[in-house]
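**Q** Please read through the structure below; I'll follow up with questions.
The values are calculated or read from the model by the stated rules, or taken from the named source; none is laboratory data. All values reported here derive from a predicted model rather than from experimental measurement. Note that each Cβ is placed from the backbone with ideal geometry, even for glycine, and that neighbours are counted across all protein chains shown. Side chains included, ligands, DNA and RNA excluded: accessible areas come from the protein's heavy atoms. Shrake-Rupley method; radii C 1.70, N 1.55, O 1.52, S 1.80 Å.
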Amino acid sequence: MTSVPCLQARGLTKSFGALAAVDDLCFTVDKGEILGIAGPNGSGKSTLFNIITHIPFGPTAGEVLLDGEPIHGLSDIEITRRGVVRTFQREAVFASMSCVDNILVALEQTLGVRGKEAQRLADEASQTVGFPRNFHNQPAGALTVFHQKQLMLTTAVAQRPKVLLLDEPASSLVDDEIERVREVILRLNRQGITILLIEHVLPLLTSVSNRLLVMEQGAGIAEGDPREVIRDPRVIEAYLGAVA
Ligand SMILES: Nc1ncnc2c1ncn2[C@@H]1O[C@H](COP(=O)(O)OP(=O)(O)OP(=O)(O)O)[C@@H](O)[C@H]1O
Ligand SMILES: [Mg+2]
């Protein structure tokens, strides 16, 4: 018996007028895997996360299955409730709200959880991510970029993801911060969370990913063992073409 993939995309497409930002993409992710996603700027990586989660919009065509069940027709909140949760490439926090309120608002909006149970989830996620508890009552806008990214990740983890979609969690960070991001990703994965990781920081991406998918102009151009995939001539060509 073949096991059902945790997440499966079939013919996934998002068009903006004549531009197919994601173009007939197919891939699978097994439970407990970390799938790395690379590709030059504008290749459709963030759009892929948008259309899987419907935050902020769904696909033009194609299917997304979670544990074999279609989720592409559901609302953004229902997709989150089913366990597919994302972070954003740019720090997406409510700057004037306290850190803990950032987490609590998300929990109320998506899971409909409030009060003591929400506080418990916020504390538990802060501990897992290593987000300092003494930041909880500070305004989120006062945090450094690293801590804003940690807050965004804590908010995602508090929503009890089965599948976590991380969009460039290490961008703009320095080496020791990137190392801490690496440790958190591996810790979350050890706790059983399946992870899709978009990242331009290749040492991080190749060291944590079980498999790597490379996108160019919305399509998947290579997939497999990360160390082999980054040596694939098509992948090198895609990156060189992007900087030429
Ligand atoms: N809302 C939108 N409206 C129109 N075009 C868009 C929209 N969002 C993305 N695009 C276009 O879709 C393509 C893919 O963009 P996307 O942000 O997914 O790339 P990316 O791979 O995440 O790039 P980066 O590595 O720079 O983050 C780009 O050409 C972009 O300009
Ligand atoms: Mg992007």
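**Q** Identify all residues within region 15-34 that are over 25 Å from ASN210 (Cβ atoms), in a strand (DSSP E or B) and among the hydrophobic types (A, V, I, L, M, F, W, C); write none if there are none.
**A** PHE16, LEU19, ALA20, ALA21
**Q** Same structure again: Consider SER172 carefully, then state whether it is away from ligand 1 (no atom under 16 Å from the Cβ), in contact with a helix residue (DSSP H, G or I) (Cβ under 8 Å, 6 or more places away or on another chain) and small (Gly, Ala, Ser).
**A** no
**Q** What are the residues in region 14-62 that are under 17 Å from the mean Cα position of the chain (by Cα), more than 8 Å from ligand 1 (Cβ to nearest atom) and polar (S, T, N, Q), if any?
**A** THR28, THR53 - these are the residues of region 14-62 that are under 17 Å from the mean Cα position of the chain (by Cα), more than 8 Å from ligand 1 (Cβ to nearest atom) and polar (S, T, N, Q).
**Q** Quick one: count up the residues across region 187-204 that are surrounded by fewer than 17 Cβ atoms within 10 Å (Cβ to Cβ) and in contact (Cβ under 8 Å) with a residue 60 or more places away in the chain.
**A** 4
**Q** Further question on the same structure: So the check is Cβ under 7 Å with 6+ separation or different chains; which pairs have a first residue in region 96-112 that's over 14 Å from ALA125 (Cβ atoms) and a second one that's open to solvent by 50 Å² or more (accessible area, probe 1.4 Å)?
**A** The qualifying pairs are SER96/PRO139; MET97/PRO139; SER98/ASN137; SER98/GLN138; SER98/PRO139; GLU108/ARG114.
**Q** For region 25-44, name all the residues that are at positive phi, more than 10 Å from ligand 2 (Cβ to nearest atom) and surrounded by 15 or more Cβ atoms within 10 Å (Cβ to Cβ).
**A** Scanning region 25-44 gives no hits.
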